[in-house]
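Read through the structure below, which is laid out as structure tokens, and then see the notes.
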Amino acid sequence: MSTEPSAVQATDQQARRSAGRGGAPGRPSYVAVAAQMVGADVLKLRKKLGIMIWSSVLALGPLVIFFIVRAAQHASNAAKYPPAGGMSGFHDSIRLLALFFGPLAAILIGVEAGAGDVAAGVFRDLVATGRSRLALFASRVPAALLIALLITTISYALLAICTYALASGSATPDATLMLNGYGFSVLATLVVATVAVGFGALSASRPAALTVLIGWQLVASPILAAVSSLGSARKPLLSEAIANFSPIAVGGAHGGSVAMSEGTALAVLALWLVVFTALGAWRTRTMDA
Amino acid sequence: MTPMSQQPPIEQGAAGAPRALAIETRALTKRFGERTAINGVDLRVPAGSAFGFLGPNGAGKTTMIRMLLGLTQADSGTMALLGRPLPAQRAAALAQVGAIVEEPRFHPQLSGEENLRIIAAARGAQVRARIGGALERVGLAARGDEKVKRYSLGMRQRLGVARCLLADPKLLILDEPTNGLDPGGIQEFRQMIRAMVEEEGRTVFLSSHLLDEVEKICDAAAIVDRGRVVAQGPIAELAAGASRQELIIGVDDQALALRALQASALVADVRSEEGALRVALSGDPSCAAALNAELVRAGVGVMRLEPVRQSLEQRFLEVVSGLRAPEQGGAHEVRAAEGLQRCEDGGAGR
């Protein structure tokens, strides 16, 4: 350790110059600060190799396996098995990505963003900077969405390539359907990622948040959706509301089995987003750091 | 909590000159259920000094620091950092404060430099430019791009100090900062703290259970036990304030001197030790002159009269153990006060 004071103080002049770039000298731009904070949260997520690898595996792996198996089946018996790509492959693969594995990847990313600082023990150091706790929470959401968007986009690109490359002369989706499919995948992933950030912050425990959210999304929701006697009481299910925006028919175990208007579906999505971001923000603001 | 005055608090310095307070708390209290962790603490930390916050494990040191930093809420009382009341002006106050709370923690998957970028982002747009200087200051410039999971505990402590320096802080709050440092690192750390105080005018609030560390680094200290500040002031005054003031007295006739001392109201205790007498005074050290006069009047030839130097450790153990045995400690304090009064009356308590 150096006892010389110059090392830190010498950089202060440079620091003040940097501050001036964002606005008036000595008054740093809030936009610049917000951008830095989101960038810092993106840095934490993208350097978390376990999360990046597993969320990529979850989003991409099933698609790769799906197309390989379907291609092999089609190659072995073209009369019995349809082509891996084309409309049929597009329908099945988009269900895999948007309603099943994409949201799973989003849960991993969102929970890490929401609970990662507490788990690593650095939340108290962030609070001790004097920065508002709400600002600390708010910067996690766009960071998680950016990472989830990146992984969804890469996965959807693979889906699109395989849909056309493995069509074997069958009908393929037009550009509008492909765009709608992308929008649907992004919507599904980003809504779940946002909910996961809020729930991760609320629980302040990665294992607990992952268990509850995955259990809800993979087990509880499909079971509840399948219980027809519940009738319209199933409308608040997140997966059902998301499935309502699918450009293709997605009825079945993983959403789309409960009929509701677009307005109702939008209201359900908004409710989930508002409730869980509010709960996450409240917990971040009030918890002992 | 009632709001504290927004006027910067002022304290009289040693020369009577007004001196601002870096930390001020009044009747600060924190409870965890039935247990009171901090109990009506009044703390006054002068700006531009190194201040030790001493106490045994579980005394409430870390809870106090957590309240000052807004990591947990106080149940009652008021507090201010650098003249700014908390929590009303928390953001403005903490913008000038750097802190290490307990063991420094980092994102292990990030490098040292990246971890500092995370904090710099929260501190403001201009702070990032200080990262290089902060790493250099703590001797980690060459290893700043290494992942923190490969750092030793000592390196993490250094990185924790670098994280504090990002704020260019007027006040550093350090909780057990030398944990994990090797002897060389501890020595460098002490020098760095002194340089921060003496050359840069920063205030350092250092919580520790290591008496030696506080005595060597700090100008003043507070002793906390069971959530209460039981003593505070400059280190020398704290140590000298030990209620058990002792003298070593060399005499020509030990038996005669022993009888005279045992009869004296100025003496709390006397015993023979290595050819001399070790005398515990019931008053302050100024009683030594009166005691000398008593011995001379009793016909004892006094060849040596030497005060026993009090250490912070003695004072600490006395205060803390005094609280643990309130009846004994309380009796001791009363007796000391009585002795002081007798001295002020000219040693004429007989």
Starting from residues that are part of a strand (DSSP E or B), of a type in the set (Lys, Arg) and touching a residue at least 12 places away in the same chain (Cβ under 8 Å), keep the ones in segment B:25-70 and report whichever is surrounded by the most Cβ atoms within 10 Å (Cβ to Cβ). B:Lys30
Lone qualifier among B:Arg105, B:Arg194 - being out of contact with any Cys (no Cβ under 9 Å at 6 or more places or on another chain), basic (Lys, Arg), in contact (Cβ under 8 Å) with a residue 60 or more places away in the chain and within 10 Å of chain A (Cβ to nearest Cβ): B:Arg194
Selection count where residues are facing another protein chain (nearest Cβ under 7 Å), touching an Asp or Glu at 6+ places or on another chain (Cβ under 6 Å) and closer than 30 Å to B:Lys147 by Cβ, scope segment B:70-102: 1
Suppose we keep only residues that are in contact with a Leu (Cβ under 7 Å, 6 or more places away or on another chain) and in contact (Cβ under 8 Å) with a residue 12 or more places away in the chain within segment A:218-234. Which one would you say is surrounded by the fewest Cβ atoms within 10 Å (Cβ to Cβ)? A:Leu224
Scan (1) at pLDDT 95 or above; (2) polar (S, T, N, Q); (3) surrounded by fewer than 18 Cβ atoms within 10 Å (Cβ to Cβ) for the single condition A:Ser132 breaks and write down its number. (1)
Mind listing just one residue for me: the one in segment A:27-46 that is β-branched (Val, Ile, Thr) and facing another protein chain (nearest Cβ under 9 Å) and, of those, surrounded by the most Cβ atoms within 10 Å (Cβ to Cβ)? A:Val33
Select from segment B:182-191 the residues that are closer than 25 Å to B:Ala59 by Cβ and more than 9 Å from every other protein chain (Cβ to nearest Cβ) and write down the one among them that is modelled with the highest pLDDT. B:Arg190
I'm told A:Leu237 meets every condition in (1) crowded, with 18+ Cβ neighbours inside 10 Å; (2) touching a residue at least 40 places away in the same chain (Cβ under 8 Å); (3) aliphatic (A, V, I, L, M) except one. Can you identify the failing condition by its number? (2)
Of all residues in segment B:87-107, which are out of contact with any strand residue (DSSP E or B) (no Cβ under 7 Å at 6 or more places or on another chain) and assigned to a loop (DSSP other than H, G, I, E, B)? B:Pro87, B:Ala88, B:Gln89, B:Ala95, B:Glu103, B:Pro104, B:Arg105, B:Phe106, B:His107
Scan segment A:264-289 residue by residue and report those that are within 14 Å of chain B (Cβ to nearest Cβ) and without any contact (Cβ under 8 Å) to a residue 40 or more places away in the chain. A:Thr286, A:Asp288
I'd like to check something: does segment B:167-179 contain any residue that is out of contact with any strand residue (DSSP E or B) (no Cβ under 6 Å at 6 or more places or on another chain), within 11 Å of another protein chain (Cβ to nearest Cβ) and buried (at least 22 other Cβ atoms within 10 Å of the Cβ)? yes
Starting from residues that are facing another protein chain (nearest Cβ under 7 Å) and in contact (Cβ under 8 Å) with a residue 24 or more places away in the chain, keep the ones in segment B:121-138 and report whichever is surrounded by the most Cβ atoms within 10 Å (Cβ to Cβ). B:Ala134
All but one of (1) in a helix (DSSP H, G or I); (2) surrounded by fewer than 23 Cβ atoms within 10 Å (Cβ to Cβ); (3) among the aliphatic types (A, V, I, L, M) hold for A:Leu159; state the number of the condition that does not hold. (2)
Selection from segment A:47-61 of residues that are more than 14 Å from every other protein chain (Cβ to nearest Cβ) and among the aliphatic types (A, V, I, L, M): A:Val57, A:Leu58, A:Ala59, A:Leu60
Identity of the residue in segment B:108-120, buried (at least 24 other Cβ atoms within 10 Å of the Cβ) and more than 7 Å from every other protein chain (Cβ to nearest Cβ), that ends up nearest to B:Leu69 (Cα to Cα): B:Ala120
From the residues in segment A:92-126 that are hydrophobic (A, V, I, L, M, F, W, C) and facing chain B (nearest Cβ under 10 Å), which one is farthest from B:Gln157 (Cα to Cα)? A:Ala119
Filtering segment A:218-240 down to residues that are part of a loop (DSSP other than H, G, I, E, B) and either of a type in the set (Asp, Glu) or more than 20 Å from the chain's Cα centre (by Cα) (or both) yields A:Val227, A:Lys235
Can you confirm whether segment B:251-262 contains a residue that is in a strand (DSSP E or B) and not assigned by TED's automatic domain parsing to the domain that holds B:Lys30? yes
Return a yes/no flag: does segment A:249-258 have any residue that is surrounded by fewer than 17 Cβ atoms within 10 Å (Cβ to Cβ) and either touching a residue at least 40 places away in the same chain (Cβ under 8 Å) or in a helix (DSSP H, G or I) (or both). yes
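The values are calculated or read from the model by the stated rules, or taken from the named source; none is laboratory data. Since the model is a prediction, treat every value here as computed from it, not as a measurement. Don't worry about glycine lacking a Cβ; one is built from the backbone with ideal geometry, like all the others, and counts go over all protein chains shown.
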